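K.L.:
Below you'll find the structure I mean.
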Amino acid sequence: MSFGPQSRTGARAWDTFQTLAATAAKLGVGFFHYLRDRIVTPATTPTLAEQLAQRAGVPVQPTA
């Protein structure tokens, strides 16, 4: 039994979640806290894109 994705779809999902986890870590955001908050309605944590833009000083309209 191998550790990791077993299909192209699985590999894409794996890469997506690894990217989200790395970005959250760089922003000092707890990954599982972020995921839970994005799933629960209404979300109270800004998206990672909004947090990146805020750090860069770029004005962004928050997503609902």
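K.L.:
Between rounded, prolate and oblate, where does the chain land on the alpha carbon gyration tensor, with a ≥ b ≥ c its root eigenvalues, rounded for a/c under 1.5, else prolate if a/b exceeds b/c?
P.N.:
prolate
K.L.:
How large is the helix-only mean residue ellipticity at 222 nm for the chain, computed as the sum of -39500 (n - 2.57) over DSSP H runs with n ≥ 4, divided by its residue count, in deg cm²/dmol to the nearest 500?
P.N.:
It lands at -18000 deg cm²/dmol.
A short reminder: the numbers here are calculations on the coordinates, not readings from a lab. Values in this document were obtained by computation on a predicted structure and should not be read as measured data.
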